[in-house]
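Everything on this sheet refers to the single structure shown next.
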Amino acid sequence: MSDLFFYGTLRYVPLLELVLGRTADHINLTKAELHGYGAYAVRDQIFPMVDKGEGRVTHGLLVQGLTPEDIERLIYYEGGFDYDLHTLPLRTAKGEDVMAEVFIPAPGLWEPSTPWSLDDWAAEWGELTVLAAEEVMSHFGHLPASEIVPRFPAIRMRAQGRLAARRREASPDWDTSRDVVLQEHGRPYLGYFTMEDATLRHRHFDGSMGPVLHRSALVNGQAAVILPYDPVRDCVLVVEQFRAPAYLIGDPNPWQIEAVAGMVDPGESPEQAARRETREEANVEVTELFSAGDGYSSSGSSTEFLHLFVGLADLAEPASTGGLETEGEDIRSHIVPFAAFMDQLDQGKLKNVPLISIANWLARNRERLRADI
């Protein structure tokens, strides 16, 4: 058995319980201090690190009596952050000097910023981090940590999507804790997206429980979709890019005309994502946003939840190319007069459903948006 000292996110007991796979009353926890190191937030990340320095003290939890499987589970989870275990001296709350292992980042790997606060982190990131860890640990024993590490950003985006879903208004007619029975749940595939399988039963409208069903879902987070509109020039901006799913299904034109769109990053609002994506994909700044609705993109097959917007913008400059090379994006924008855009809609030339939905919203609200010209 081994002893470990936790100074960061694993001091958050719900996260520690999930990673170890047991409740806190079955974990030997003691308060302790690590001298000669300070705990700091990692710049541009949502987790902390310790940094060596004279006179610094880091407060944390000493976890004793860990089994080899416990250590494997912890290394599997912490492996995503490129931390290694080092044996260091500690002092317990009772004044005892002990040795324990501590997760320390490699020198120069991360840059420390401000002193780290567990309470502040837990209030902002605790619930999301537990949801992300739940997905990570579901692959323990099935996938190597090396396959999990590059998927951490997407896993966090899905965790934010799960958190947002849980906070939506519940049905007055149904209670999922009573009206749905989940018998089995698995994640057979992990990539940028993930697939989840479920064996379940749900209550029918006549009050009876239905038969056992086997269902799968493409699991994704939230996305912001925005159509930039210039009310002065009465034109819109759409983007064109290659879409692999259209190609894979056999569509002879996989270069799709769409609205600007992108995933909502952890800690980001849909509105912030809409503005950021418009800058990245179209090199355009939005002055004002209007919600054009929100909902699931395809509730029979995907968890993706879309936030639709029309964004007022100055479209005087010529259309340009955009996108992020790091994400393999090659995007061309087109500025289209509103009348021509509506003709494309009426002639069935627009094949992207979110764009069609926003176009119909704009058609109903266009005069209002132009009223102050």
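For segment 317-339, give me each residue that is over 20 Å from E285 (Cβ atoms), modelled with pLDDT of 70 or more and assigned to a loop (DSSP other than H, G, I, E, B). D330, the sole residue that qualifies.
Note on segment 91-145: among residues that are of a type in the set (D, E) and in a helix (DSSP H, G or I), the one that is nearest to F193 (Cα to Cα) is E135. Within segment 63-79, residues that are touching a residue at least 24 places away in the same chain (Cβ under 8 Å) reach partners that are outside any helix (DSSP H, G or I) and among the hydroxyl-bearing types (S, T, Y) with beta carbons closer than 7 Å, at six or more positions or on different chains, in the pairs Q64/T30; L66/S2; I71/S2. Name the single residue that is surrounded by the most Cβ atoms within 10 Å (Cβ to Cβ) among those in segment 266-293 being of a type in the set (A, V, I, L, M) and not in a loop (DSSP other than H, G, I, E, B). Applying the filter and picking the extreme gives A274. With the structure loaded, tell me whether R43 is among the basic types (K, R), out of contact with any His (no Cβ under 6 Å at 6 or more places or on another chain), free of Cβ contacts under 8 Å to residues at least 40 places away in the same chain and open to solvent by 60 Å² or more (accessible area, probe 1.4 Å) or whether it fails that test. No: the conditions fail for R43.
May I ask you to verify whether E69 is acidic (D, E) and either modelled with pLDDT of 90 or more or farther than 22 Å from F140 by Cα (or both)? The answer is yes for E69. Going through (1) open to solvent by 40 Å² or more (accessible area, probe 1.4 Å); (2) in contact with a Lys or Arg (Cβ under 7 Å, 6 or more places away or on another chain) one by one, L61 falls short only on (1).
Residues in segment 75-96 that are modelled with pLDDT under 90, in contact with a strand residue (DSSP E or B) (Cβ under 8 Å, 6 or more places away or on another chain) and surrounded by 15 or more Cβ atoms within 10 Å (Cβ to Cβ): E78, F81, Y83, L85. For segment 199-251, a tally of residues being assigned to a loop (DSSP other than H, G, I, E, B), touching a residue at least 60 places away in the same chain (Cβ under 8 Å) and over 29 Å from the mean Cα position of the chain (by Cα) returns 4. Pick from segment 253-265 the residues that are β-branched (V, I, T) and touching an Asp or Glu at 6+ places or on another chain (Cβ under 6 Å): which of them is surrounded by the fewest Cβ atoms within 10 Å (Cβ to Cβ)? Result: I257.
Let's see how each residue does on (1) under 29 Å from the mean Cα position of the chain (by Cα); (2) of a type outside the set (G, A, S):
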site	(1), (2)
E329	yes, yes
S333	yes, no
F341	no, yes
D346	no, yes
K349	no, yes
P354	yes, yes
S357	yes, no
R368	no, yes
D372	no, yes
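Taken together, G250, G293, G267 contain a single residue that is on the phi > 0 side of the Ramachandran plot and either at pLDDT below 95 or touching a helix residue (DSSP H, G or I) at 6+ places or on another chain (Cβ under 6 Å) (or both), which is G267. Counting only residues that are over 15 Å from V239 (Cβ atoms), surrounded by 14 or more Cβ atoms within 10 Å (Cβ to Cβ) and out of contact with any strand residue (DSSP E or B) (no Cβ under 7 Å at 6 or more places or on another chain), segment 326-355 holds 2 of them. The single condition among (1) open to solvent by less than 20 Å² (accessible area, probe 1.4 Å); (2) in a strand (DSSP E or B) that D70 does not satisfy is (2).
When you scan segment 349-368, do you find a residue that is part of a strand (DSSP E or B) and either at pLDDT 95 or above or touching a Gly at 6+ places or on another chain (Cβ under 8 Å) (or both), even just one? No, because not a single residue in segment 349-368 is part of a strand (DSSP E or B) and either at pLDDT 95 or above or touching a Gly at 6+ places or on another chain (Cβ under 8 Å) (or both).
The values are calculated or read from the model by the stated rules, or taken from the named source; none is laboratory data. Computed from a predicted structure; not experimentally measured. FYI the Cβ positions are ideal-geometry reconstructions off the backbone, even for glycines, and counts take in every protein chain you see. The protein model used for the area step is the full one, side chains on, heavy atoms only, and it has no ligands, DNA or RNA in it. Shrake-Rupley method; radii C 1.70, N 1.55, O 1.52, S 1.80 Å.
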